[in-house]
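Please read the structure below before turning to the comments.
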Amino acid sequence: MNAFLYGVALQWKLDIRSKSLLITCYIVPLLFFIIMGGIYTSIMPESKYTLIQSMTVMGVSMGALIGLPPSLVEIYGSDIKKVYKSNGVPLYLGLVSMFLSAFIHLLIMCAVIYIIAPIAFDATPPSNLPLYFGSLVIFIAVSLSIGSVLGLLIKNQAKLTMISQLVFLPSIMLSGIMFSIDLLPKILEFAGKIFPATWGYKLLIDNNFHFNNFLPLLVIFLTATILCSFLLKKLQSE
């Protein structure tokens, strides 16, 4: 257990120095929040009631879908994987340590948005704080599980960047954070429900826990976990 915790702490320190993770988990999401926060609240004053939630969904999705996968490829698509195997280190250790490290970074980024939004844009904080952060933990975990699948499945960095963008962009555009999903055609509204961002946003804006919004996230997480297990076993046999 001590070795595992040391590995997680070491990975977190390494990620702090990672330019890729710094950009996708902090700089771009917070810059988007600062710029779009002012635009949203100026054009649509009512957006202050959901500004924290919408900017959080965007930041978490970017960090999980664009930031995490390349970091996993650096391990499982390179000779580092051979080092793991030759020294008897379980292959899942790299995934778990990166998952937890990214989780902490995204949680910090979300906390910054939560603190700054009411001060800078007069945003309304969620009324039920324990429920909000409990929902946030669930949403971050589910989003990172999708990013984990992408990082384990695709070993080519260029191809991974393209596919990550193809997953990230529709998940944001169809989630309801930019505009109401009621304005979308039914087929696009249905397509948006495939992505965790849609359900995460619904979960975050709810003042009461609704199992119907939690269930799809649970299904996505369990499916992603099974896929990760399968992909790790495949990597072990290579």
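FYI, it's all coordinate maths here, none of it is from the lab. Not measured: the values here are computed from a predicted model. Note that each Cβ is placed from the backbone with ideal geometry, even for glycine, and that neighbours are counted across all protein chains shown.
Taking the centroid of alpha carbons for each part, the stretch 18-76 and the stretch 217-238 are 26 Å apart. Using alpha carbons only, the radius of gyration of the chain set against its Kirkwood radius gives Rg/Rh = 0.98.
Here the calculated FRET efficiency for Ile119 and Phe230, from their Cβ-Cβ distance with R0 = 41 Å, stands at 0.35, rounded to the nearest 0.05. How about the stretch 172-207: which trypsin sites (Lys or Arg not before Pro) there are in a DSSP loop, with at most 16 other Cβ atoms within 10 Å of their Cβ? Sparse-neighbourhood loop trypsin sites (Lys or Arg not before Pro): Lys193. Remark: the stretch 133-238 carries a charge dipole of roughly 320 debye about the Cα centre, counting +1 on each Lys and Arg Cβ and -1 on each Asp and Glu Cβ.
Placing +1 on each Lys and Arg Cβ and -1 on each Asp and Glu Cβ, with no other charges, gives the stretch 2-237 a dipole about its Cα centre of roughly 860 debye. Modelled spin-label separation between Val137 and Ile43, with each label point placed 7 Å from Cα along the Cα-to-Cβ direction: 3.6 nm. Whole-Hz Karplus values for the stretch 31-38 come out as 5, 4, 4, 5, 6, 6, x, x Hz, taken residue by residue from phi with 6.51 cos²θ - 1.76 cosθ + 1.60 and θ = phi - 60°; glycine and proline positions read x. Contact order for the chain, expressed relative to its length and based on alpha carbon pairs under 8 Å spaced 6+ residues apart, stands at 26 percent. Placing unit charges on each Cβ (+1 for Lys and Arg, -1 for Asp and Glu) gives the chain a dipole about its Cα centre, and among Asn213, Pro125, Ser229 the Cα reaching farthest toward its positive end belongs to Ser229.
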